[in-house]
Amino acid sequence: MTEKNEKNITVNRKARHEYHIIQTYEAGISLVGTEVKALRQNKANLIDSYASISGGEVWLLSAHISVYDHGNRYNHDPLRPRRLLLHKSEIRKLSKAVNEKGNTLIPLRLYFSKGKVKVELALAKGKKIYDKRRDIADKDAQRDVERKFKL
């Protein structure tokens, strides 16, 4: 999944619990300088963030990138909408898929790839409560099996 030249900044762990992941995309992200410096300090949070398509562009909303410690009065707004960089054909596919009932775009992780900040964006469908319970039960059963074989 991750190559040697990739470094995770933050991972949205809640996403895989709350959603069925249908497909993932790698997108660039348009940032200002103080945001990149804050990301190098791992000061980001993707919980409750999502992506939206408007005007033929994909926007990352509610992603929190803390202000840079050594920034000045021109520091960035932590919750500002950020444009995601995708090919036009990918945006068209995502737009059609999101218009289907129950589908949404959520970021799974932020990471550095060859010095550039990337977002792993997922086309996802929300899980029902019983799906979440079944996943937890499956994980517990798998953990028990691994414990028994470890002995």
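Annotation: for a label point projected 7 angstrom from Cα along Cα→Cβ of HIS20, residues of the range 118-137 with backbone N closer than 13 Å are 124-132, 135.
If R0 is 22 Å, what FRET efficiency do you get for SER113 and TYR74 from their C-beta distance, rounded to 0.05?
On the way: r = 27 Å, r/R0 = 1.23.
After rounding, the FRET efficiency stands at 0.25.
Between the amide H of LYS127 and those of TYR19, HIS20, distances stay under 5 Å, these residues lying 5 or more places away or on another chain, with hydrogens modeled in the peptide plane.
Cross-link reach is defined here as a Cα-Cα straight distance under 19 Å, omitting same-chain residues fewer than 8 places apart; for LYS7 the aspartates and glutamates meeting it are GLU26, GLU35, GLU120.
Of the labelled figures (1) 56, 40, 27; (2) 61, 40, 29; (3) 38, 34, 27, only one reflects Cα extents along the principal axes in Å as derived from the coordinates, namely (1). For the chain, the mean residue ellipticity at 222 nm estimated from helices alone is -10000 deg cm²/dmol, where every DSSP H run of n ≥ 4 contributes -39500 (n - 2.57) and the total is divided by all residues, rounded to the nearest 500. Straight-line reach from LYS127: taking Cα to Cα under 21 Å and skipping same-chain neighbours fewer than 8 places apart, the lysines in range are LYS14, LYS96, LYS101, LYS139.
Quick one: length gained pulling ARG83 to VAL32 fully straight, 0.36 nm per residue minus the C-alpha distance? Kindly include the intermediate steps, with their values, before the conclusion.
Working: separation 51, 0.36 × 51 = 18.36 nm, distance 1.12 nm.
Contour length minus Cα-Cα distance gives 17.2 nm.
Please sort by residue number the trypsin sites (Lys or Arg not before Pro) in the range 41-106 whose DSSP state is loop and whose Cβ has at most 11 other Cβ atoms within 10 Å. Those that pass, being in a loop and sparsely packed, are ARG73, LYS101.
We did not get these values from a lab; they are worked out from the coordinates using the rules stated. Remember, it's a predicted structure, so these values are computed and weren't measured experimentally. Reconstructed Cβ throughout: ideal geometry from the backbone, glycine too, with neighbour counts over all protein chains shown.
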